[in-house]
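The values are calculated or read from the model by the stated rules, or taken from the named source; none is laboratory data. All figures in this text were calculated on a predicted structure; none of them were measured in a lab. Here the Cβ positions follow ideal geometry from the backbone for every residue, glycine too, while neighbour counts run over all protein chains shown.
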Amino acid sequence: MAETSEAKASTSPPGGDAGGEEDKRDERMLECNICLDTARDAVVSMCGHLFCWPCLHQWLETRPSRQVCPVCKAAISRDKVIPLYGRGNTKQEDPRNKRTEPENTSAFPGFSFGDGFHMSFGIGAFPFGVFTSTFNFGDSRPSAAPRGTAQYDEEQFLSKIFLWVAILFVLWLVFA
Amino acid sequence: MFNIAAKRIIKEIKEVINGDQVEDAALKLELVNDNWMDLRGEFKGPPDTPYEGGAFKLEIKVPETYPFNPPKVRFMTNVWHPNVSSVTGAICLDILKDQWAAALTLRTVMLSIQSLLAAAEPNDPQDAVVATQYKENPELFAKTAKHWTNIYAGGPNHVWEFNRKVEVLIDMGIEEHKARVALSTNDWDIEKATEHLFS
């Protein structure tokens, strides 16, 4: 035992003492098996292999039909990996819930004010609406109430209110 | 993606150079023209095989999508082996195709190719002529492989009988490598080889 470790120490490049080598090995223990760098957003598979989630995600995306562990080829899937949260990791956010690639979230890029408020105008069947109200042949709506009755006053009042509401709406559209 | 590939290749080269395992001593890996997508590998022929003592050079092309897709590897040294094309150097090895895994490295790939030389898969051949000889005349196959290792990979074991036969064809005005291929594919029968060459 002692001999082999001595032999190793002598073959290691100068400048690295035994402690440094130990540290190096510890570091390698926490390397992602895909990018060979220290794992970030680390996840571990059921078979015990450590990866960065972005790396593993890309591996699973590369061959969706054959999802196997890149190390031991055991079956692996998005739902069967465990995120690792170290002490320094205060947020403890599941890396799988983070977006791993930028997506275009706004489906309609026209009107958006700051974050979260979206507005759009629908035209609908506008020109046909005109026809339906203009060409109302054979309309059997009740005729207007005769002048002077209470019903006539009420109808006049309502139509004025609706007119003002319409004007306000148009003004709001223009100036808002 | 691009960055992972370049970073990994640099790390892998360092690992091969500083390799502390015994089998790593026989491996070489270096960049061609400082371009991480283009590498040269070299390994020693495995002991107790016809390839013993030879140094085999590999051309390694790394795709931008590495390590999610395998590197393209072929022999630059001529090799007589059922799973290696004697013409192009193409290698028939599952991990270079559908069995690739992202945790494999150029080091493990080279070790796999090294062990492929020791354990051929004649039922999944890359070179049908070689595979047939391997199955039907294993002794002649081993001798031919040893001869090719001696000539092309700098192996120490001469096969004088084959050297002389190649000389005979060279004297007939045939280029050396062509002569060797013709003899190898015709079970070292000079008559059959010449017939093959002049037909």
Quick one: B:Ala120 ticks every box in (1) within 14 Å of chain A (Cβ to nearest Cβ); (2) surrounded by 15 or more Cβ atoms within 10 Å (Cβ to Cβ) except a single one, so which number is it?
-> (1)
In the range B:143-171, anything hydroxyl-bearing (Ser, Thr, Tyr) and buried (at least 22 other Cβ atoms within 10 Å of the Cβ) is listed as B:Thr144, B:Thr149
Looking only at the range B:24-46, decide whether some residue is within 14 Å of chain A (Cβ to nearest Cβ), in a loop (DSSP other than H, G, I, E, B) and of a type outside the set (A, V, I, L, M).
-> no
Would a scan of the range B:74-89 turn up a residue that is in contact (Cβ under 8 Å) with a residue 24 or more places away in the chain, under 27 Å from A:Leu56 (Cα atoms) and not hydrophobic (A, V, I, L, M, F, W, C)?
-> no
Look at B:Thr65 and say whether it is surrounded by fewer than 17 Cβ atoms within 10 Å (Cβ to Cβ) and part of a loop (DSSP other than H, G, I, E, B).
-> yes
Could you check, for the range A:73-95, whether at least one of its residues is modelled with pLDDT under 85, away from every other protein chain (no Cβ under 14 Å) and touching a helix residue (DSSP H, G or I) at 6+ places or on another chain (Cβ under 6 Å)?
-> yes
Give the number of residues within the range B:73-119 that are farther than 22 Å from B:Ala182 by Cα, touching a strand residue (DSSP E or B) at 6+ places or on another chain (Cβ under 8 Å) and of a type in the set (Gly, Ala, Ser).
-> 1
B:Pro82, sole failed condition from (1) in contact with a Phe, Trp or Tyr (Cβ under 6 Å, 6 or more places away or on another chain); (2) within 14 Å of chain A (Cβ to nearest Cβ) = (2)
Assess whether B:Ile13 counts as being touching a strand residue (DSSP E or B) at 6+ places or on another chain (Cβ under 6 Å), β-branched (Val, Ile, Thr) and within 14 Å of chain A (Cβ to nearest Cβ).
-> yes
Can you pull out the residues in the range B:109-137 that are within 24 Å of B:Tyr152 (Cα to Cα) and without any contact (Cβ under 8 Å) to a residue 12 or more places away in the chain?
-> B:Ala119, B:Ala128, B:Thr132
Can you tell me how many residues in the range A:147-156 are surrounded by 10 or more Cβ atoms within 10 Å (Cβ to Cβ) and assigned to a helix (DSSP H, G or I)?
-> 6
Residue check: is B:Ala102 closer than 30 Å to B:Arg8 by Cβ, over 15 Å from the mean Cα position of the chain (by Cα) and crowded, with 20+ Cβ neighbours inside 10 Å?
-> yes
Regarding B:Thr49, is this residue assigned to a loop (DSSP other than H, G, I, E, B), more than 14 Å from chain A (Cβ to nearest Cβ) and buried (at least 17 other Cβ atoms within 10 Å of the Cβ)?
-> yes
